[in-house]
Amino acid sequence: MKITAQQVNELRKMTGAGMMDCKKALVETEGDMEKAIDVLRKKGQKVAAKRADRDAAEGVVIAKVSDDKTFAAAVMINCETDFVAKNADFIAYVQSVLDVAVANKAKDADALKALKLDGYSVEETITNQTGVIGEKIQLGRYGMVDAAQTFAYIHPGNRIATVAGFNKASDDFGQAGKDVVMQIAAMSPIALDKDGVSEETIAREIEIGKDQARQEGKPEALLEKISMGKLNKFFKENTLLNQAFIKDGKSNVQQYLQSVDKELTVTEFYRLALG
């Protein structure tokens, strides 16, 4: 059976695969478009398995808010090279994954992988992308916030993205929301406040504080008190609401929010960054 250029072109548009791969798939399936798609998908699966041990350290990180502003999500899809990460088609693909995640308010990565995108599960489309691009492609991380009002920020270059939720909703909170998600991107807090810091982290910081004081020659009887002082400094530097607000440095983030609305606060946040 003769395979026409029109058939090859149609399959290429449907799958994004290379011209020669499309032609070979059509020849193998005697022109059956659906079977040819399966052949290309199987090729993708083989490529994915072959590259399972490769490091997908590059990628695209983006975030988005739902139309009703009560849900926001951030997704990281990894690839192997910066060349692919900057490719417009790959960025558009990652955007399509995020769009379906936000539209369906996916709660976690497993829920996202199961969602349908162009007739396939998101997980299947990731495998397909591996076949099309020829690099290991994988869902790196996914996170979301669900709140009265949410905000999202994508740092230029698509390498850092953040989302945050507020306890109240108002059109007046737009600037505050933007400031908070940019603060999260810049300062990388580990928790909302000290109550969100794990006991393991607290214990480690106390021990580090004691060791530092001991090396400075401080009396053993004062080590506990000194380490607690260092722990409080750690909370101020590493928990969002206690961090110095980067736009003025005169107040912390919680104080800044209270200047906008005395009851306003952040309920949760999520930050994604490559590297």
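Tabulated data for the structure shown
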{"item": "Residue in region 68-92 that is farthest from Gly177 (Cα to Cα), counting only those that are in contact with a helix residue (DSSP H, G or I) (Cβ under 6 Å, 6 or more places away or on another chain) and of a type outside the set (A, V, I, L, M)", "result": "Cys79"}
{"item": "Ala101 vs. criteria among the small types (Gly, Ala, Ser), in a helix (DSSP H, G or I) and without any contact (Cβ under 8 Å) to a residue 12 or more places away in the chain", "result": "no"}
{"item": "Checking Val39 against (1) in a helix (DSSP H, G or I); (2) modelled with pLDDT of 90 or more, the condition it does not meet", "result": "(2)"}
{"item": "Residues (of a type in the set (A, V, I, L, M, F, W, C), surrounded by 15 or more Cβ atoms within 10 Å (Cβ to Cβ) and out of contact with any Ser or Thr (no Cβ under 6 Å at 6 or more places or on another chain)) located in region 82-104", "result": "Val84, Ala85, Phe90, Ile91, Val94, Val97, Leu98, Val100, Ala101"}
{"item": "Answer residue from region 67-81, given it is part of a loop (DSSP other than H, G, I, E, B) and either in contact with a Phe, Trp or Tyr (Cβ under 7 Å, 6 or more places away or on another chain) or of a type in the set (S, T, N, Q) (or both) and is surrounded by the most Cβ atoms within 10 Å (Cβ to Cβ) among those", "result": "Thr70"}
{"item": "Residue in region 113-125 that is under 18 Å from Val61 (Cα atoms), more than 17 Å from the chain's Cα centre (by Cα) and assigned to a helix (DSSP H, G or I) present", "result": "yes"}
{"item": "Filter result for Lys64 (among the basic types (Lys, Arg), modelled with pLDDT of 95 or more, at positive phi and outside any helix (DSSP H, G or I))", "result": "no"}
{"item": "Any hit, region 184-194, residues being of a type outside the set (D, E, K, R) and without any contact (Cβ under 8 Å) to a residue 24 or more places away in the chain", "result": "no"}
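The values are calculated or read from the model by the stated rules, or taken from the named source; none is laboratory data. Keep in mind that this is a model prediction, so the values were computed, not measured. With ideal geometry, Cβ positions are generated from the backbone for all residues, glycine too; neighbour counts draw on all protein chains shown.
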